[in-house]
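What follows is a short report on a single structure.
The values are calculated or read from the model by the stated rules, or taken from the named source; none is laboratory data. This is a predicted model, so every value here is computed, not measured. As a convention, Cβ positions derive from the backbone with ideal geometry for all residues, glycine included, and neighbour counts pool all protein chains shown.
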C-alpha cells in the first residue's frame, strides 16, 4: 500500500471534528435576531464553556435589564433551539460588540 502524506489526512480529520462546533456557532449567530428580538442589535452571543452562552452587550443598563428581566425568556428560547443539554446558563457582559 502506498504511503500517503500525513498532513492532508490530519487536516481532513481536524476539519471534520471542528465542523459541528462551527455549525453550532453559525446557528447561534443566525438565530440570535429571532431569539433576542429587539435586543439583537445591541448584543453579540457566543458559546462559552460547559453549556454557557456568553452575551456581550453594548450598554450596561441593557445588560442589567437582560440579566434580571429577560434571562428566563432568552434561556427558554436558546434551550428550544439547541436543547437543554447544550445550554445550561446565559451570562451578560458589557463590552464592545464585534
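The residue list 14, 10, 28, 62 contains one member that is surrounded by 10 or more Cβ atoms within 10 Å (Cβ to Cβ), modelled with pLDDT under 95 and in contact with a helix residue (DSSP H, G or I) (Cβ under 9 Å, 6 or more places away or on another chain), which is 28.
Considering only residues that are more than 13 Å from residue 39 (Cβ to Cβ) and surrounded by fewer than 13 Cβ atoms within 10 Å (Cβ to Cβ), which ones fall in segment 65-75?
68, 72
Would you call residue 90 surrounded by 13 or more Cβ atoms within 10 Å (Cβ to Cβ), under 15 Å from residue 24 (Cα atoms), touching a residue at least 24 places away in the same chain (Cβ under 8 Å) and touching a strand residue (DSSP E or B) at 6+ places or on another chain (Cβ under 6 Å)? So residue 90 does not fit the description; no.
Each residue in segment 78-87 was checked for being within 18 Å of residue 29 (Cβ to Cβ), surrounded by fewer than 17 Cβ atoms within 10 Å (Cβ to Cβ) and in contact (Cβ under 8 Å) with a residue 12 or more places away in the chain, and 2 of them qualify.
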